[in-house]
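Chemist: First the structure, which I've put down as structure tokens, then a few questions once you've had a look.
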Amino acid sequence: VVAVGRAHLIAADSDGSQADHAGPGAAKCPAFGPLMDEGYRPAIQIRQMGTLSSHQRQGNAAKVLSDLEKSSNERFGATTGFLQARINAIPFYESQGWVIIDEAYEIPGIGPHRSMMKQLSSNQ
């Protein structure tokens with residue numbers, strides 16, 4: 001395994017805010033503001049993307065992300081994707097069609113982030 005990521009359906013009654021992990025002391029990640037508009041549902045969140053440094057810039061993360069987008073659209077009928085990007089990952093996500101939707105914020109113990117979204121099409 002050289003690159004990973006996961007996607008989950010955001011519950012219909014959720015604004016997307018959640019704890020960063022299940023253990024004690026987890027930082028709370030903020031809500032995705034656009035989820036207040038029903039037009040963005042069903043929606044998924046992309047999480048835990050990562051690529052081994054020895055395999056970066058070879059298209060591995062782009063393939064994982066594309067597959068997550070496509071399978072989320074097929075499996076869940078997702079029309080919109082959301083994610084919380086570390087600042088240094090923003091150019092990658094932008095190159096894949098994701099757009100910034102908020103101001104920078106700090107996730108304690110992890111660092112600065114920006115929330116991003118992408119309209120998913122059935123022709124992924």
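The values are calculated or read from the model by the stated rules, or taken from the named source; none is laboratory data. The model shown is predicted, which means the values in this text are computed figures rather than measured ones. Here the Cβ is made from the backbone with ideal geometry for all residues, glycine too, and neighbour counts use every protein chain on show. The protein model used for the area step is the full one, side chains on, heavy atoms only, and it has no ligands, DNA or RNA in it. Shrake-Rupley method; radii C 1.70, N 1.55, O 1.52, S 1.80 Å.
Chemist: On the basis of being of a type in the set (Ser, Thr, Tyr) and within 12 Å of the chain's Cα centre (by Cα), does Thr80 make the cut?
Modeler: yes
Chemist: Restricting attention to the stretch 102-124, which residues are open to solvent by less than 50 Å² (accessible area, probe 1.4 Å) and among the aliphatic types (A, V, I, L, M)?
Modeler: Ile107, Met116, Met117, Leu120
Chemist: Which residue pairs have Cβ atoms under 6 Å apart, sit 6 or more places apart or on different chains, and have a first residue in the stretch 54-77 that is in contact (Cβ under 8 Å) with a residue 12 or more places away in the chain and assigned to a loop (DSSP other than H, G, I, E, B) and a second that is surrounded by 14 or more Cβ atoms within 10 Å (Cβ to Cβ) and not charged (D, E, K, R)?
Modeler: So the pair list comes out as Gly77/Pro42.
Chemist: Inside the stretch 39-64, can you point out the residues that are on the phi < 0 side of the Ramachandran plot, open to solvent by 50 Å² or more (accessible area, probe 1.4 Å) and among the polar types (S, T, N, Q)?
Modeler: Across the stretch 39-64, the qualifying residues are Ser53, Ser54, Gln56, Gln58.
Chemist: Related question: Would you confirm, using the coordinates I've provided, whether Gln48 is at pLDDT below 95, part of a strand (DSSP E or B) and not hydroxyl-bearing (Ser, Thr, Tyr)?
Modeler: Yes.
Chemist: Check off (1) within 14 Å of Lys118 (Cα to Cα); (2) out of contact with any strand residue (DSSP E or B) (no Cβ under 9 Å at 6 or more places or on another chain); (3) polar (S, T, N, Q) for Gln84 and give me the number that stays unchecked.
Modeler: Only one criterion is unmet by Gln84, namely (2).
Chemist: Could you check, for the stretch 11-29, whether at least one of its residues is modelled with pLDDT of 95 or more, of a type in the set (A, V, I, L, M, F, W, C) and either surrounded by 14 or more Cβ atoms within 10 Å (Cβ to Cβ) or more than 12 Å from Met117 (Cβ to Cβ) (or both)?
Modeler: yes
Chemist: Would you mind telling me which numbered condition in (1) hydrophobic (A, V, I, L, M, F, W, C); (2) within 22 Å of Ile110 (Cα to Cα); (3) part of a loop (DSSP other than H, G, I, E, B) Phe92 fails?
Modeler: Here Phe92 meets the rest and fails (3).
Chemist: Sticking with this one: Taking the options Asp102, Asp37, name whichever one is farther than 26 Å from Val2 by Cα and over 15 Å from the mean Cα position of the chain (by Cα).
Modeler: Step by step, each of Asp102, Asp37 is checked, and only Asp37 is farther than 26 Å from Val2 by Cα and over 15 Å from the mean Cα position of the chain (by Cα).
Chemist: Would you check which residues across the stretch 72-98 are surrounded by 12 or more Cβ atoms within 10 Å (Cβ to Cβ) and either at pLDDT below 95 or among the β-branched types (Val, Ile, Thr) (or both) and list them?
Modeler: Thr79, Thr80, Ile90
Chemist: Only one of these conditions is not met by Met36: (1) within 25 Å of Tyr105 (Cα to Cα); (2) hydrophobic (A, V, I, L, M, F, W, C); (3) surrounded by 12 or more Cβ atoms within 10 Å (Cβ to Cβ). Which number is it?
Modeler: For Met36, the exception is condition (3).
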